[in-house]
Structure formats: C-alpha cells, structure tokens
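The values are calculated or read from the model by the stated rules, or taken from the named source; none is laboratory data. This one's a predicted model, so the numbers in the text were calculated from it and none came from an experiment. Ideal geometry is used to build each Cβ from the backbone, glycine not excepted, and the neighbour counts take in all protein chains shown.
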Ligand SMILES: [Fe+2]
Ligand SMILES: [Fe+2]
C-alpha cells in the first residue's frame, strides 16, 4: 500500500470526503508492509521505527507541516456536532469563536518542519491521521450511548462503555464524571469528540443550555471543570470524561484492524488494546 491508500482508507471508514486540516502525509511512501502505529510518534520513535525496519511511522496527533498550523479549521467541526444535537447555529459558532481565533494566532509558533525533516533524513515514510480516526471513535461512543434510555443513570453509561469497549476496560485511566453526578439521569447525550480537541467551557455550556444533559469529552482541563461545576452544580447536567489515550485508541484500533486485513504488519506502540494482550 502507499501512504495515499492508507489515508484514503481512513477517510472512507470515517465517512469523510476531504482530508481534514490536521491530517497529513509528511514523507510519502509506497510498497508499505510494516507499520509502527502510535498516538505520538516523534523524534525518538522515528529513529526506532527506522532502526527496526518499519516502512511507515503512522502517528495520530498532528506532528508537523500544515497539519499543526490550522487547528482552527478542525475545531469548527464542533459547530456541526452541536447543531446536530440541537444547538442553534449562531450559538454554536459563538461557542468556538475564541478558541478558533487563538488557534489561528498560535499556529504560527509551531516548528512545523522539525519532524517531517527528520523523517526525510532517516528515509522513512511518515504520516498522521487525526480527525478521521477520532471520528471513528466518536461514532462508536455515540452509537453505544444511543443504546441506553434517557432515564438511565450516568453510571449506567460508564458501565455500558466498559462493557462494549475493551479499550475502556484495559485502560489504566478511568472514566470520570468531574461535573455533575454518576447518579444523575443520563438524559440527552452528546459525544463532543473528533473536532481537533475538546470544546472547553463554551462548547459544553452551549450543549447544556440547549437541551443536552450529558456531554462527553475525552479530556478536559481543571479550569473548565471548576467553571462548569460553579455554573451547573445541582442542575442535573453532567460532563463525562472518558480518558485521552483509551478514547484515542477506540478510534485507532478499528483502523489498524482494517490495515491488517489488507495484509500489512502493524505494530502498535502505546495504544490501549481492544482485546487483552498475551503474556
Ligand atoms: Fe484523537
Ligand atoms: Fe488525542
């Protein structure tokens, strides 16, 4: 397979027609057979990959080139997700405005050539696939959440996620409910994932203020938890945080399984497995 074929497969699996701004081939390759796959494959991992005879280092998080410069173009996916959940478009746009502005400005600080240049020097194919794999993970979580009734408790959703997905059972991290209460009614659920990064305070607020009772992020900052708790304590609103690496793995693993089916040898590095690993 070529790096292009691999990217195309990810887009197809995610139901996307265009390459998102946070996804790129830094150093193209063809005839790829052995792939090292991880969430953050950077300098050290590139050297190890080359040293151990891999043809491609396939990383999840954006690692260079234009993929690290335009995170604002991916963050607006939150708007689409909010609108689908019933948030009026104008309120949804307002909720992403500050962060999009910040991303546009801070993109300029990135040393975007460091890792692509290293991959070229080493002579190893190098690419990242971010939003398409997060979209796969988002759909899996949304589908599982849709299997519970609105009258279930938040704790029931945590149990259901663990039941459905080995990634959550095998992760060292736990699913947390830092805003609201595990005993609360689940109500309407929105999985706010697959949009570059979590939506912070304004996106969670927009969901809460427009009929969503339980918002799911894969990670969140303490400052956002404090602010949301202050505002929504005792209102029945909940923020469920599923854990970064477990949740990223949830979207990455089905894609790696599809690559294996195409005959590639895939070695995962630092992913949470869907199935228990042997000794
Ligand atoms: Fe991710
Ligand atoms: Fe991530």
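What number of residues within the stretch 215-232 satisfy the criterion of being surrounded by fewer than 17 Cβ atoms within 10 Å (Cβ to Cβ), out of contact with any helix residue (DSSP H, G or I) (no Cβ under 8 Å at 6 or more places or on another chain) and either touching a residue at least 24 places away in the same chain (Cβ under 8 Å) or under 19 Å from residue 157 (Cβ atoms) (or both)?
Number satisfying all stated conditions: 1.
Only one of these is within 28 Å of residue 16 (Cα to Cα), within 16 Å of ligand 1 (Cβ to nearest atom), in the same structural domain as residue 242 (by TED's automatic domain parsing) and buried (at least 23 other Cβ atoms within 10 Å of the Cβ): 127, 141. Name it.
141
When you look at residue 36, is it in contact with a strand residue (DSSP E or B) (Cβ under 6 Å, 6 or more places away or on another chain) and either in a helix (DSSP H, G or I) or touching a residue at least 40 places away in the same chain (Cβ under 8 Å) (or both), yes or no? I'd like the intermediate steps shown before the answer.
Numbers: in contact with a strand residue (DSSP E or B) (Cβ under 6 Å, 6 or more places away or on another chain): yes; either in a helix (DSSP H, G or I) or touching a residue at least 40 places away in the same chain (Cβ under 8 Å) (or both): yes.
Here the answer is yes, as residue 36 does meet what is asked.
Residue-wise test of (1) at pLDDT below 95; (2) over 15 Å from residue 114 (Cα atoms); (3) touching a strand residue (DSSP E or B) at 6+ places or on another chain (Cβ under 7 Å).
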| position | (1), (2), (3) |
| --- | --- |
| 44 | no, no, no |
| 48 | no, yes, no |
| 63 | no, no, yes |
| 74 | no, yes, no |
| 82 | no, yes, no |
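Residue 197 is checked against (1) within 16 Å of ligand 2 (Cβ to nearest atom); (2) closer than 22 Å to residue 88 by Cα; (3) in contact with a strand residue (DSSP E or B) (Cβ under 7 Å, 6 or more places away or on another chain) and fails just one. What number does that condition carry?
Evaluating residue 197 over (1) within 16 Å of ligand 2 (Cβ to nearest atom); (2) closer than 22 Å to residue 88 by Cα; (3) in contact with a strand residue (DSSP E or B) (Cβ under 7 Å, 6 or more places away or on another chain) leaves (3) as the failure.
Have a look at 190, 258, 204, 195 and point out the one that is in contact with a helix residue (DSSP H, G or I) (Cβ under 7 Å, 6 or more places away or on another chain), part of a helix (DSSP H, G or I) and in contact (Cβ under 8 Å) with a residue 60 or more places away in the chain. Full working, then the answer.
Values: 190 fails: part of a helix (DSSP H, G or I); 204 fails: in contact (Cβ under 8 Å) with a residue 60 or more places away in the chain; 195 fails: part of a helix (DSSP H, G or I).
Only one candidate passes the filter, namely 258.
Would you check if residue 212 is surrounded by 17 or more Cβ atoms within 10 Å (Cβ to Cβ), away from ligand 1 (no atom under 16 Å from the Cβ) and assigned to a loop (DSSP other than H, G, I, E, B)? Before the answer, list the steps.
Numbers: surrounded by 17 or more Cβ atoms within 10 Å (Cβ to Cβ): yes; away from ligand 1 (no atom under 16 Å from the Cβ): yes; assigned to a loop (DSSP other than H, G, I, E, B): yes.
Judged against the criteria, residue 212 is a match.
Kindly establish whether residue 42 is more than 16 Å from ligand 2 (Cβ to nearest atom) and either closer than 27 Å to residue 191 by Cβ or in contact with a helix residue (DSSP H, G or I) (Cβ under 8 Å, 6 or more places away or on another chain) (or both).
Criteria not met by residue 42.
Working carefully through the options 180, 137, 200, 187, find the one that is on the phi > 0 side of the Ramachandran plot and within 19 Å of the chain's Cα centre (by Cα). Before the answer, list the steps.
On the way: 180 fails: within 19 Å of the chain's Cα centre (by Cα); 137 fails: on the phi > 0 side of the Ramachandran plot; 187 fails: within 19 Å of the chain's Cα centre (by Cα).
Result: 200 is the single residue among 180, 137, 200, 187 that is on the phi > 0 side of the Ramachandran plot and within 19 Å of the chain's Cα centre (by Cα).
Does at least one position in the stretch 63-75 carry a residue that is in the same structural domain as residue 20 (by TED's automatic domain parsing), within 14 Å of residue 20 (Cβ to Cβ), within 16 Å of ligand 2 (Cβ to nearest atom) and not in a helix (DSSP H, G or I)? Reasoning before the result, please.
Going residue by residue through the stretch 63-75, those that are in the same structural domain as residue 20 (by TED's automatic domain parsing) are 63-75.
Next cut, within 14 Å of residue 20 (Cβ to Cβ) only: 65-75.
With within 16 Å of ligand 2 (Cβ to nearest atom) added as a condition, the list becomes 67-68, 71, 74-75.
Then keep just the ones that are not in a helix (DSSP H, G or I); that gives none.
No; the residues of the stretch 63-75 include none that is in the same structural domain as residue 20 (by TED's automatic domain parsing), within 14 Å of residue 20 (Cβ to Cβ), within 16 Å of ligand 2 (Cβ to nearest atom) and not in a helix (DSSP H, G or I).
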